[in-house]
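One structure is given below, encoded as structure tokens.
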Amino acid sequence: MSPSPAPRPDHQQAAADDPAVARALARTPAQAFRHGMIQSVPLMIVVVPFALLFGIVALEAGMDIAQVMGFSVLVLAGASQFTAVQLLSDHAPVLIVILSGLAVNLRMAMYSASLVPWLREATGSQKALIAYALIDQSYALSIQHYEKHPRLSLRQRLAYFAGVAVAMCVPWIVASWVGATVGQAIPEGIALDFAMPITFLAMIAPMLRTVAHLAACFVAIVAALALAGLPSGLGLLIAAPLGMATGAIVETWMERKGDGR
Amino acid sequence: MNGGVSDLTVWFVIIVLGIGTFLIRWSFLGALGDRPLPGWVLRMLRYTPVAVLPALVAPLVMWPEATQGQPDPARLSAAAATLLVGVLSKNVILAILAGGITLFGMLYVLG
């Protein structure tokens with residue numbers, strides 16, 4: 001997650017005697033693409049049910065299938081899609097829907113920055129395609145791969161990213177469609193209203209790794225509850241920055257105390 | 001879309017969100033290059049999801065629309081189960097399952 005990882009010399013030292021590294025360097029782009037796809041399989045198990053749920057929940061919130069697909073193809077960002085659908089069904093003002101949906105995606109600017117040292121030589125259209133498919137999973141797998149094998153050629157790096165991106169994004173889009181289609185068959189009266197909150201909570205829980213994350217989360221919750229009386233969505237717009245600032249302050253404070261995270 | 005939000009509004013949100021998200025992802029790769037981010041910006045970015053999502057979800061858990069805004073034991077326990085399993089297992093899907101099972105179990109038990 002560090003923003004600009006310079007290729008580290010110690011990795012190159014280790015390269016000579018690690019067979020996995022030698023294999024990675026010997027791959028043709030087609031093999032690197034396949035390797036990326038294969039390494040994506042465990043993450044696909046998370047992506048598919050999540051996308052199914054998005055399709056179902058968005059349909060429940062009143063979207064039609066075209067709109068569900070619009071979200072999954074054009075936005076292609078789970079948390080942000082869920083956020084927008086939730087706020088739309090709350091009748092929040094459009095500006096607040098968009099700001100909140102974008103806020104959830106701001107972390108991707110970090111991903112973008114941290115890929116620059118590895119993909120700086122790519123062409124403009126390659127970079128645009130990478131940007132389109134830059135989701136949590138494609139970022140996490142690629143950056144791990146690049147840092148582990150710093151001597152890969154640009155073509156190998158691009159092919160690996162493409163393999164991961166196809167294996168992650170295509171199932172996301174297809175499963176959203178399946179969710180929206182199957183969702184029409186779910187009878188009324190089942191408590192689907194709570195699918196969205198449960199999904200959000202499940203996404204939040206693994207993020208609570210440090211004291212700073214816990215503090216950010218806690219302040220955001222307290223502020224959101226305290227401001228719940230404000231017009232729809234406005235409380236969120238105040239509570240979220242308060243939580244973010246708390247996280248940043250606690251992180252600085254913890255670092256100064258010397259024990260970091 | 002029903003419920004008073006027009007189709008046009010939904011499409012407007014989808015398209016603006018799509019373009020905005022693309023620009024966020026493209027920012028450094030495509031335009032800003034190696035420019036280092038100031039430390040405080042990085043710190044704030046790190047905490048966006050963990051601040052935005054809880055702020056969004058907290059009122060939904062406390063005052064669910066399905067119960068006309070009354071706190072509901074089934075939904076509160078489902079939320080607690082989701083969080084607990086999520087924190088312990090770090091597994092999103094397991095956490096969702098735990099929440100779902102708790103919700104339907106409690107709704108069934110409480111009638």
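Picking from B:VAL92, B:VAL13, B:VAL52, which residue would you name as being at the interface with chain A (Cβ under 8 Å from one of its Cβ atoms) and modelled with pLDDT of 90 or more? Testing whether each residue is at the interface with chain A (Cβ under 8 Å from one of its Cβ atoms) and modelled with pLDDT of 90 or more leaves just B:VAL13. In this structure, B:VAL41 does not qualify as in a helix (DSSP H, G or I), farther than 22 Å from A:ILE98 by Cβ and hydrophobic (A, V, I, L, M, F, W, C). At least 2 residues being more than 8 Å from chain B (Cβ to nearest Cβ) and in contact (Cβ under 8 Å) with a residue 24 or more places away in the chain is the threshold, and among the helices (runs of 4 or more DSSP H) wholly inside segment A:187-259 those reaching it are A:211-226, A:234-257. For segment A:120-147, taking the residues that are polar (S, T, N, Q) and assigned to a helix (DSSP H, G or I), the one that is farthest from the other protein chains (Cβ to nearest Cβ) is identified as A:GLN144.
Residues that are facing chain B (nearest Cβ under 7 Å) and charged (D, E, K, R) within segment A:72-119 comprise just one, A:ARG107. Quick one: would you say B:ARG25 is within 7 Å of chain A (Cβ to nearest Cβ) and basic (Lys, Arg)? Spelling it out, B:ARG25 is indeed within 7 Å of chain A (Cβ to nearest Cβ) and basic (Lys, Arg).
Listed by first and then second residue, the pairs with beta-carbon distance under 7 Å, at least 6 apart or on different chains, first residue in segment B:11-32 and surrounded by 18 or more Cβ atoms within 10 Å (Cβ to Cβ), second outside any helix (DSSP H, G or I), are B:THR21/A:ALA77; B:ILE24/A:LEU106; B:ARG25/A:LEU134. Do we have any residue at all in segment B:64-83 that's assigned to a helix (DSSP H, G or I), more than 7 Å from chain A (Cβ to nearest Cβ) and surrounded by 22 or more Cβ atoms within 10 Å (Cβ to Cβ)? So far as segment B:64-83 goes, yes, one or more of its residues are assigned to a helix (DSSP H, G or I), more than 7 Å from chain A (Cβ to nearest Cβ) and surrounded by 22 or more Cβ atoms within 10 Å (Cβ to Cβ).
Counting only residues that are within 24 Å of A:ALA103 (Cα to Cα) and among the charged types (D, E, K, R), segment B:55-90 holds 1 of them.
The values are calculated or read from the model by the stated rules, or taken from the named source; none is laboratory data. Since the structure is predicted, the reported quantities are computational estimates derived from the model, not experimental observations. When we count neighbours, we look across all protein chains shown, and the Cβ atoms used for this are built from the backbone with ideal geometry, even at glycine.
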